[in-house]
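Comments concern the structure below.
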Amino acid sequence: MNQDRRRQAEDFLQPDEQLIAVCACEPGPGVPSPPEDLLAPPEPAALGRRIEEKLPRPLQQFFKARAHDERRDDPPADRRPDPADGPGMEGGWQSAAGRFLIGRANARGAATDVLVVTDRRWFGLTDVSPLWQSTPTMKQFWEVPRSAVTAVRAAPGLQGRMDIEFADFSWVGVAAVTPAEAPAFAAAAARYR
């Protein structure tokens with residue numbers, strides 16, 4: 001387990017929680033990106049927030065009303081179906097696999113994530129620091145209890161592909177950044193189930 005990744009994960013542990021395994025990963029081949037209408041609007045940059053705070057109140061309200069997107073108010077059942085099922089994911093956007101990908105996309109972090117397994121839960125971290133910042137700023141984008149993940153299967157060989165299977169029968173594929181870490185991560189996660 002990479003020591004930098006381990007230290008990053010330790011910052012997010014709850015009291016008396018034991019770290020089991022950590023793996024740097026990214027979405028596997030064929031994993032779809034969530035549709036824009038399922039994502040939260042991006043947070044304004046710090047400079048944009050400071051400028052907006054200086055504006056008169058009527059202008060602030062105007063910009064907030066303009067940023068409101070009515071499509072987000074539609075109930076999920078009224079949305080058009082999206083072909084989320086594919087070679088990298090199965091289960092649709094309302095499934096556990098879909099919520100994993102939506103959480104990841106909403107974090108708007110780096111391409112590489114840190115997948116963490118503890119004795120209590122699974123969670124995902126991403127680096128949200130600006131490009132010019134050399135020290136990573138990690139943000140948690142996803143969390144489920146241990147019982148929500150039923151299996152992690154590492155593909156044979158050195159491809160680094162892992163399929164994370166959820167209790168609702170959905171699954172998503174991820175690829176370990178260092179392919180040799182995938183079998184050890186999958187084995188550690190299975191051993192403590």
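The values are calculated or read from the model by the stated rules, or taken from the named source; none is laboratory data. Nothing here was measured: the structure is a model prediction, and the numbers come from that model. Cβ coordinates were reconstructed from backbone atoms using ideal geometry, including for glycine residues, and neighbour counts include every protein chain displayed. With ligands, DNA and RNA removed, areas are computed over all heavy atoms of the protein, side chains included. Shrake-Rupley method; radii C 1.70, N 1.55, O 1.52, S 1.80 Å.
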### Summary
By residue number, the members of segment 136-148 that are open to solvent by 40 Å² or more (accessible area, probe 1.4 Å) and aromatic (F, W, Y) are none
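Quick check, is A151 in a loop (DSSP other than H, G, I, E, B) and either of a type in the set (G, A, S) or open to solvent by less than 40 Å² (accessible area, probe 1.4 Å) (or both)? So that I can check it myself, show each step before the final result.
On the way: in a loop (DSSP other than H, G, I, E, B): no; either of a type in the set (G, A, S) or open to solvent by less than 40 Å² (accessible area, probe 1.4 Å) (or both): yes.
In short, no.
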### Query
Only one of these conditions is not met by L47: (1) at pLDDT 70 or above; (2) open to solvent by 50 Å² or more (accessible area, probe 1.4 Å); (3) among the aliphatic types (A, V, I, L, M). Which number is it?
(1)
### Task
Please find, within segment 174-193, the residue that is most open to solvent (accessible area, probe 1.4 Å) out of those that are modelled with pLDDT under 90 and part of a helix (DSSP H, G or I).
R191
### Summary
E165 vs (1) touching a Ser or Thr at 6+ places or on another chain (Cβ under 8 Å); (2) buried (at least 16 other Cβ atoms within 10 Å of the Cβ); (3) in contact (Cβ under 8 Å) with a residue 40 or more places away in the chain: all pass except (3)
### Message
Any residue at all in segment 26-39 that's assigned to a strand (DSSP E or B) and either open to solvent by less than 30 Å² (accessible area, probe 1.4 Å) or at pLDDT 85 or above (or both)?
### Response
yes
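Output the residue which, of all residues in segment 75-99 that are under 23 Å from T178 (Cα atoms) and open to solvent by less than 10 Å² (accessible area, probe 1.4 Å), is modelled with the highest pLDDT. Steps first, please.
At the first step, the residues of segment 75-99 found to be under 23 Å from T178 (Cα atoms) are 87-89, 97.
With open to solvent by less than 10 Å² (accessible area, probe 1.4 Å) added as a condition, the list becomes 88-89, 97.
Working: G88: 87, M89: 92, A97: 95.
Per the stated criteria, the residue is A97.
Any chance you could count how many residues in segment 172-193 are among the aromatic types (F, W, Y) and under 17 Å from D113 (Cα atoms)?
1
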### Query
Does segment 117-134 contain at least one residue that is open to solvent by 20 Å² or more (accessible area, probe 1.4 Å), in a strand (DSSP E or B) and either β-branched (V, I, T) or under 23 Å from Q14 (Cα atoms) (or both)?
yes
